[in-house]
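What follows is a set of notes on a single structure, which appears directly below.
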Amino acid sequence: MLASIITQLFRFKTALIFFSVAALCWLGVNFIGSTVDSQGVLHEPFFLVPIGWLFIFAGLFSVLGASLKKLMTGQNKKH
């Protein structure tokens with residue numbers, strides 16, 4: 001049981017890395033926070049938000065690709 005879970009994790013390791021980086025981006029936004037200086041200018045790490053979304057979509061495409069690859073190789077083995 002544990003071996004199959006580990007095998008699944010290795011199959012989707014690229015997606016796991018993408019999702020982890022996305023989580024780090026969003027955590028960075030929350031930990032860094034936003035400040036307003038004395039001149040009323042807002043300073044925030046907004047660039048991390050779209051980068052986080054980019055990594056989420058990359059992770060989703062990785063999961064989709066790995067799933068399709070698993071499906072295709074599974075069908076080839078049956079014939």
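Rule-based calculations on the coordinates, nothing more; no lab input. Nothing here was measured: the structure is a model prediction, and the numbers come from that model. Counting neighbours? That spans all protein chains shown, and the Cβs are built from the backbone with ideal geometry, glycine included.
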Residue-ordered couplings for the range 48-58, obtained by feeding phi - 60° into the Karplus form 6.51 cos²θ - 1.76 cosθ + 1.60 and rounding to whole Hz (Gly and Pro as x), are 6, 5, x, 5, x, 5, 4, 5, 4, 5, 5
Once phi for every residue in the range 41-47 is put through the Karplus expression 6.51 cos²θ - 1.76 cosθ + 1.60 (θ = phi - 60°), the whole-Hz ³J(HN,Hα) values, with Gly and Pro written as x, are 8, 7, 10, 8, x, 5, 4
Highest mean packing first, using Cβ neighbours within 10 angstrom, the peptides 1-14, 30-43, 56-69 sort as 56-69, 1-14, 30-43
Total charge of the residues flanking T7 in space, meaning their Cβ is under 13 Å from its Cβ, with Lys and Arg +1 and Asp and Glu -1, is +3
Dimensionless Rg/Rh of the range 22-64, both radii on Cα and Rh by Kirkwood, sits at 1.18
Whole-Hz Karplus couplings 3J(HN,Hα) for the range 16-21, θ = phi - 60° and coefficients 6.51, -1.76, 1.60, Gly and Pro as x, run 4, 5, 4, 5, 5, 5
Note: S38 to W26 extended length (0.36 nm per residue) minus current alpha-carbon separation gives 1.7 nm
FRET efficiency (F10, F61; Cβ distance; R0 25 Å; to 0.05) is 0.85
With only helices counted (DSSP H, runs n ≥ 4, each -39500 (n - 2.57)), the per-residue ellipticity at 222 nm for the chain, to the nearest 500, works out to -26500 deg cm²/dmol
Whole-percent tail of the Cα-Cα distance distribution for the chain, cut at 22 Å, equals 47 percent
